[in-house]
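Data first, discussion second: the structure below is written as C-alpha cells.
Please treat every number below as a calculation from the coordinates, not as lab data. Note that the structure is a prediction, hence the values are computed from the model and not measured. Neighbour counts are summed over all protein chains in view; Cβ atoms, including those assigned to glycine, are modelled from backbone coordinates with ideal geometry.
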Amino acid sequence: MRKQYSSLIVASGLDLKNYIPSINSMKGSIIGIKCNELSGIQHPINHSGYVLPQVNGITWLGSSYEKTKHLMSSEEIQESILSRASEVFKNIGSSKDIIEWSGIRSTLPDRMPVAGAMDNNVFVIGGLASRGLSFAPLLAEIIACEISGLSSPVSKKILASLSPNRFSKNST
C-alpha cells in the first residue's frame with residue numbers, strides 16, 4: 001500500500017548539495033572528558049565552543065573546525081578545545097582520559113543554516129555546522145509552523161536569512 005504525504009522535509013547534511021550547490025563540508029571534532037567539575041551542567045552551554053551536560057560520566061566539549069589544507073593532529077584538537085573551554089570554565093580538570101570524535105559537517109558560505117521551503121511542499125533543514133544541538137529544535141519548529149500554517153517563532157528578517165533559496169540567482 002502506498003501512502004500519500006502532503007509535505008517532505010529533507011535534512012540530509014552534505015547530500016543537500018543536490019538542492020543547494022553552495023553547501024560545503026568541513027571536518028570537525030569534539031572531545032569527551034571525565035570531569036567532576038562540570039557534572040552540574042544541566043543544559044548545553046555555548047561560548048567560543050560548547051559544553052554538553054554529562055552522559056554516563058562523560059562531558060562533551062566542542063569543537064574544532066578543520067579546513068582540508070591543514071588537518072589538525074589529535075593533540076592539536078584536544079588542546080584547542082580544552083583551551084577555549086578553560087577560558088569559560090576555570091575548574092576543568094586535566095583529564096588524561098579523553099575520547100575524541102570526528103565527523104564531517106555541512107556549512108554554508110554565510111555560516112547560517114537553512115530552514116524553509118525549497119519548492120511547494122518540499123522543505124530543507126541543513127548547514128548547521130557545529131551548532132546543530134542549538135539550532136535544530138528551533139529550525140524544526142520553524143518548518144512545523146510553516147507546514148501547519150501557524151505563526152513563525154522568528155521574525156520575517158530571520159526567516160529570510162534562513163531561506164534555502166537565498167543562494168539562488170533569482171533571490172533578492
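If you line up the Cα atoms of segment 1-139 on their principal axes, what length do they span on each, largest first, in Å?
Between the extreme Cα coordinates on each principal axis of segment 1-139 lie 54, 36, 29 Å.
Quick one: length gained pulling S7 to Q42 fully straight, 0.36 nm per residue minus the C-alpha distance?
Gain in length upon complete extension: 9.1 nm.
Enter the angle in degrees (range 0 to 90, nearest 10) between the Cα long axis of helix 74-88 and the first principal axis of the Cα atoms of the chain, meaning the one along which they spread out most.
90 degrees
Across segment 81-152, what fraction of all alpha-carbon pairs, as a whole percent, falls in each successive 10 Å bin from zero upward?
That works out to 16, 33, 26, 16, 9, 0, in percent per bin.
Give me V88, V114 sorted ascending by neighbouring Cβ count inside 10 Å, so fewest comes first. Don't skip to the answer; put the middle values down first.
Values: V88 14, V114 27.
Ranked by crowding around the Cβ, least crowded first: V88, V114.
What is the distance, in nm, between label points placed 7 Å from the Cα along the Cα-to-Cβ direction at V122 and at S83?
4.5 nm
Using amide H atoms built 1.01 Å from N in the peptide plane, name the residues 5+ places from I9, or on other chains, whose amide H lies under 5 Å from its own.
F123
Kindly provide the helix-only [θ] at 222 nm of the chain, computed as the sum of -39,500 (n - 2.57) over DSSP H runs of four or more divided by all residues, to the nearest 500 deg cm²/dmol? Spell out each step's value before the answer.
On the way: 3 runs with 39 residues, N = 172.
Computed ellipticity for the chain at 222 nm equals -7000 deg cm²/dmol.
Relative contact order of the chain, please, whole-number percent, based on alpha carbon pairs below 8 angstrom and at least 6 residues apart.
The normalised contact order for the chain reaches 26 percent.
Note down the net charge around S161, summing +1 for each Lys or Arg and -1 for each Asp or Glu among other residues with Cβ under 14 Å from its Cβ.
Here the charged neighbours net out to +3.
Mind jotting down the three principal axis lengths of segment 26-105 based on Cα atoms? Whole angstrom, largest first.
Principal extents (largest minus smallest coordinate, Cα): 38, 24, 23 Å.
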